Structures are given as C-alpha cells and as structure tokens.
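I have placed the structure first, in the form of structure tokens, so that the comments after it can refer back to it.
The values are calculated or read from the model by the stated rules, or taken from the named source; none is laboratory data. Keep in mind that what you see is a predicted model, and the values were worked out from it rather than measured. Cβ sites come from the backbone with ideal geometry, for glycine too, and all protein chains shown count toward neighbours.
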C-alpha cells in the first residue's frame, strides 16, 4: 500500500471554557464542523468532538478491513454495520486519555460459516491501523459481533 497522507484544519476562537472551534477536512468532505468544550464534555447539541471523529475513523477502518478479509475468503459481505464508542477518561497522574474503543459489528454475509466470520473479524481487528494505534497507546480495544 502506498503512503497515505490526509490533513484537516482546526480553527479555535477564545479561551477554553467559552471559546469554540470548527474542523475542516483537507479533501472538502466536511467543512465548518463546530465543537467546543461544553459540547465535548456535555451534551453534543449537534456539534462534534475529536473523540467522535476518532470513533468514526476506527469504525470506518474496521469496516473496510473486514470487507477485505471476507472478500479475500471468497465470501464478500452483503452489509457491515460497525458502531464504535471511544471513551475518554481521567487517568490518575496522567490526565485525560483515550482509555477504550468498544466496537460492535453486525454483518450479513451469505455463505460464510460463523467461525469464518469470527476469524475474519479477528484478522480485521489485528490489521486495522486504528485498532493498533489505540492498543499501542494503551487503550483497551474490544470488538464484538452483535449480529
């Protein structure tokens, strides 16, 4: 695989407590996504957060990795629904850290045995760059099939 580089821009105005920011993708895929401290730690109120974007990245990466594993095994997926929840928590002596990523996968794969699907999920998780990034950073990564 070739080297991949993507970029995004964050713009912030004001202090931490009362300020607000926006995020923009270098590709133009999203523009002016608002975020702030109150919506990051409280109610989202239609705004995003770095943790939500990380959850989307992890879910998207795992979906693609699993589609690849299943296709390589000769049983391409009909559908894959991947939900990811990132947990940011305070760790004594270290401040706030990403401590967990909990992933739930629901699949429709015609012709694949349950053990083959489980093996493909395990291989996808082992090869997903976000799973590896999070594990290497000390976060717990849990991936389960829910359907």
Please state which one of 131, 142, 101 is part of a strand (DSSP E or B) and over 23 Å from residue 42 (Cβ atoms).
142
Out of 23, 33, 54, 37, sole residue that is touching a residue at least 24 places away in the same chain (Cβ under 8 Å) and either outside the structural domain of residue 130 (by TED's automatic domain parsing) or more than 24 Å from residue 127 (Cβ to Cβ) (or both)
23
Flagged in the stretch 35-57 as within 18 Å of residue 96 (Cβ to Cβ) and either modelled with pLDDT of 95 or more or not in a loop (DSSP other than H, G, I, E, B) (or both), in numbering order, are 35, 37, 38, 39, 40, 41, 50, 51, 52, 53, 54, 55
For the stretch 104-128 the number of residues that are in a strand (DSSP E or B) and within 18 Å of the chain's Cα centre (by Cα) is 4
